Amino acid sequence: MRLPIPFRLLGILVLSACASRGPSGTAYLGGYVGGTVSAECAPFARALSGVRLQGQAAGWWWEADGRYARRSQPEAGSVLVLRRSGRLPSGHVAVVSRVLSARQILVTQANWVHHRVTADQPVIDVSPANDWTLVRLWWPPTGAMGVTDYPAYGFIWPDRPATHRELTAAVPRAIRAFGGG
């Protein structure tokens, strides 16, 4: 389902107003953190979130069963799990850094852009039932919301979700774990 253009533009304006601040104090959306990093999304999400799951990203949803709460609502520190698809043969995971509204979050993730870590990247729920089963992500190379809808399982909640401040502080340490930064 595609949102009408006025709603898409409104969403971008709202997200722009909620942009994070970089080290220089300038606002950015989906900003790159550090230099190139050879981390895949799953090990990076594990290092950042504390969710101790293994394997390909899409498999995390099933691995979490009985170990972590799995929910259809985001919370800062939870892990968004995208399903396998033609574009994502292994799925994808990203750590929720902020919840902006019922249908808008920011995530920090590795390898959405090849060999890069992005912080506070916007994600919107475009599912017909407002249940986060279909999402659209910011695409940093264009500086705009992506146009592809990705199917999602939902969110894995760690035992102790981190705050935005804690996640922001932990990103450099997670990057260093993979030889970046």
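The values are calculated or read from the model by the stated rules, or taken from the named source; none is laboratory data. Keep in mind that what you see is a predicted model, and the values were worked out from it rather than measured. Every residue, glycine as well, gets a Cβ built from its backbone with ideal geometry; the counts of neighbours run over all protein chains shown.
For this structure, a couple of remarks:
- Some residue of segment 161-181 being modelled with pLDDT of 90 or more, among the charged types (D, E, K, R) and either assigned to a strand (DSSP E or B) or crowded, with 17+ Cβ neighbours inside 10 Å (or both): no
- When residue 123 is tested against (1) in contact with a Ser or Thr (Cβ under 8 Å, 6 or more places away or on another chain); (2) modelled with pLDDT of 95 or more; (3) among the β-branched types (Val, Ile, Thr), only condition (1) is not met.
- Cross-chain or 6+ apart pairs with Cβ under 8 Å, segment 34-50 first and closer than 12 Å to residue 177 by Cβ, then surrounded by fewer than 17 Cβ atoms within 10 Å (Cβ to Cβ) and charged (D, E, K, R): 46/52; 47/173
- Residue within segment 5-13 that is of a type in the set (Phe, Trp, Tyr), modelled with pLDDT under 50 and either farther than 29 Å from residue 90 by Cα or crowded, with 17+ Cβ neighbours inside 10 Å (or both) present: yes
- Any hit, segment 154-177, residues being within 13 Å of the chain's Cα centre (by Cα), over 22 Å from residue 32 (Cα atoms) and among the acidic types (Asp, Glu): no
- Residues of segment 111-143 that are farther than 14 Å from residue 95 by Cβ and of a type in the set (Gly, Ala, Ser): 127, 129, 143.
- Any hit, segment 136-148, residues being surrounded by fewer than 16 Cβ atoms within 10 Å (Cβ to Cβ) and touching an Asp or Glu at 6+ places or on another chain (Cβ under 8 Å): no
- Count of residues meeting criterion [in contact with a strand residue (DSSP E or B) (Cβ under 8 Å, 6 or more places away or on another chain), surrounded by fewer than 16 Cβ atoms within 10 Å (Cβ to Cβ), of a type outside the set (Lys, Arg) and modelled with pLDDT of 75 or more] in segment 19-71: 1
- Residues that are more than 19 Å from residue 48 (Cα to Cα) and under 14 Å from the mean Cα position of the chain (by Cα), drawn from segment 83-99: 83
- Looking only at segment 144-158, and only at residues there that are touching a Phe, Trp or Tyr at 6+ places or on another chain (Cβ under 7 Å) and in a loop (DSSP other than H, G, I, E, B), the one that is farthest from residue 95 (Cα to Cα): 146
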